[in-house]
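The values are calculated or read from the model by the stated rules, or taken from the named source; none is laboratory data. Note that the structure is predicted; figures quoted are calculated from it, not measured. In this analysis, Cβ positions are derived from the backbone assuming ideal geometry, glycine residues included, and neighbour counts consider all displayed protein chains. In case anyone asks, the SASA skips ligands and DNA or RNA and just uses the protein heavy atoms, side chains included. Shrake-Rupley method; radii C 1.70, N 1.55, O 1.52, S 1.80 Å.
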Amino acid sequence: MRRISILGSTGSIGISTLNLIEETLRPGEDYVLEALCAGRNATLLAEQARKFRPAITVLADESQWPLFKELMQGSALEIACGAEAVTAAAGRKADWVMAAIVGIAGLGPVWAAAGTGAVVALANKESLVCCGRSLLARAEAHGGRILPVDSEHNAIFQVFEESERARINRLILTASGGPFRGYSRDQLRFVTREQALKHPNWAMGAKITIDSATLANKGLEFIEAAYLFDMPPEKIDVLIHPQSVVHSLVEYADGSTLAQMGPADMRVPISHALGWPNRLKWQAPTLDLKTIGTLSFDAPDEAAFPMLRLAREALQAGGLMPVVYNAANEVMVQAFLDGKASFMAIAESVEMAMMKAQSPTMALSQATSHDMHTILETDRLTRQVVSETLGAAETRKAI
Ligand SMILES: NC(=O)c1ccc[n+]([C@@H]2O[C@H](COP(=O)([O-])OP(=O)(O)OC[C@H]3O[C@@H](n4cnc5c(N)ncnc54)[C@H](OP(=O)(O)O)[C@@H]3O)[C@@H](O)[C@H]2O)c1
């Protein structure tokens, strides 16, 4: 019997995880739910809590607390509200935790979960990008481990032979290329939010969908892969693979390249993490290679999509530069979604923030320590710098 917690239960990954749990595990025999946490969707969270009856249910957004309390009336379930309560719930003793809060908001909860000795199924890539190997070390020190849920890292995890580490030439991450694959820089100047939100292969939350369109998602994954598999940047490559069938590959020195394939459905990597070290049996979608017919691979266009290059540079710069990359990207993605910044401005601002981060005023980014205070301070300073630039651009537009 496992105690399971889902952080970000109302999102795309959270919902898929709950669906899979329902389909593959028996309540009260195989599992009990310890915690369900979400951001602001009080209605869905209340529905999930009433159905799965976790030991605690937490909503982060305090403005939705009155509604949430009303929806939970008479349920006899423990509920709480606020960011601190989310982190406290994430730190409750559990055996398996799905970490699927989006963005930096997931950092504190993931850190807390990693300190419990649980197996943490990590979807929230931003927390690993910010904490680096210290997150993996924390999980290990407490007798737990981090399992990658991102389809690419989950794929590598499945074909990575630790005993052959010295004979691994490189990791190859695949990327669909997003909705703007093949676009030139000039064409990208005019793309809209609606176009960017239409991912050709995957149904995901808004932030990661925009990240896929800019290739920042692949940039974050590049950094994530380096930390997860302890690989230097020069041993990680990215290939554009529009069919999203091969989820990533490991090339060995003997000429063998091992790949993991599967349908473009996040329930597959989630089920791998949920079943690990075994495999779950369920009505999984399978691949019909005859119908797919052709698999193609191409090099990414880093001139049109600079977020990949910037991620590599952030990793090479070391210290907390990946935190700067992540924070600047988060601010700009939100600005793009709010109609306050263009698509091209996302990468431009990230590059600007990374340049400023090297100045003495933002010397924090050069800190080598990955302690939580330094990470959060670097994140805050970066957001401030990028927001000020955005504000100045807005004012200029208004004048
Ligand atoms: N979707 C995918 O296919 C996919 C694939 C690989 C990796 N990932 C990663 O998985 C994470 C989740 O992605 P997603 O697509 O599932 O995002 P999503 O659909 O936007 O869901 C995000 C979840 O986080 C919750 N949340 C937001 N702010 C919060 C806060 N301050 N405190 C607590 N919970 C908060 C949301 O709650 P409310 O909805 O209630 O506000 C929701 O449950 C991201 O880091 C993403 O990069 C996703």
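Odds and ends about this structure:
- Residues whose amide H falls under 5 Å from that of TYR31, counting only those 5 or more places apart or on a different chain, are ARG2, ARG26, with hydrogens built in the peptide plane.
- Note on the chain: with a GNM built from Cα contacts shorter than 10 Å, the maximum mean-square fluctuation among PRO109, PRO277, PRO54 falls on PRO277.
- Accessible-area rank, largest first, for ASP186, ASP301: ASP186, ASP301, with all protein chains present and a 1.4 angstrom probe.
- Alpha-carbon Debye profile of the chain, log10 I(q)/I(0) at 0.06, 0.09, 0.14, 0.15 Å⁻¹: -0.23, -0.53, -1.32, -1.50
- Area of SER184 that stays accessible when all protein chains are in place (1.4 Å probe, Å², to 10): 50
- Ligands, DNA and RNA are left out, and with a 1.4 angstrom probe the accessible area of the chain is 43 Å² per residue.
- Phi angles of the stretch 332-339 translate, via the Karplus equation with coefficients 6.51, -1.76, 1.60 and θ = phi - 60°, into HN-Hα couplings of 6, 5, 5, 5, 5, 5, 8, x Hz per residue; Gly and Pro are given as x.
- In the chain, a dipole from Cβ-located charges (positive for Lys and Arg, negative for Asp and Glu) runs towards its positive end, and of ALA203, PRO148, LEU220 it is ALA203 whose Cα lies farthest in that direction.
- Convex hull volume of the stretch 153-292 per residue (C-alpha atoms, cubic angstrom): 141
- Subset of LYS51/LYS93; LYS125/LYS235; LYS198/LYS281; LYS51/LYS281; LYS235/LYS290 violating a 25 Å alpha-carbon distance limit: LYS198/LYS281; LYS235/LYS290
- For ARG309, solvent-accessible area (1.4 Å; no DNA, RNA or ligand), Å²: 70
- Choice from SER63, SER342, SER387 showing the highest fluctuation, given a GNM over the chain with Cα pairs closer than 10 Å: SER63
- Rounded to whole Hz, the Karplus (6.51, -1.76, 1.60) HN-Hα couplings of the stretch 137-151, x for glycine and proline: 5, 4, 4, 5, 4, 9, x, x, 7, 9, 10, x, 9, 3, 4
- Long-range amide H partners of GLY39 with built H, under 5 Å: THR10, ALA60
- Pairwise centroid distance, computed over Cα atoms, of the stretch 221-268 with the stretch 310-343, Å: 22
- Summing Cβ point charges (Lys, Arg +1; Asp, Glu -1) relative to the Cα centre of the chain gives a dipole of roughly 440 debye.
- Taken over the stretch 128-233, the percentage of Cα pairs per 5 Å bin, counting from 0 up to the bin with the maximum distance, is 2, 11, 19, 19, 17, 13, 9, 6, 3, 1, 0.
- Pairwise centroid distance, computed over Cα atoms, of the stretch 270-296 with the stretch 43-65, Å: 31
- Value of Rg/Rh across the stretch 246-361 [Cα atoms, Kirkwood radius]: 1.08
- Amide H to amide H distances under 5 Å link ARG145 with VAL119, VAL120, where only residues 5 or more positions off or on other chains count and H is placed in the peptide plane.
- Listed residues ILE168, ILE346, ILE223, most fluctuating in the chain (Gaussian network, C-alpha, under 10 Å): ILE168
- Across the accessible surface of the chain, with the other protein chains kept in place and a 1.4 Å probe, carbon and sulfur atoms take up 52 percent.
- Residues in the stretch 159-174 carry Karplus couplings, in order, of 10, 8, 8, 4, 5, 9, 3, 5, 10, 9, 6, 6, 9, 10, 8, 9 Hz; the curve used is 6.51 cos²θ - 1.76 cosθ + 1.60 with θ = phi - 60°, and Gly or Pro positions show x.
- Both radii are taken from the alpha-carbon atoms of the stretch 2-148; with Rh as the Kirkwood radius, Rg/Rh is 0.95.
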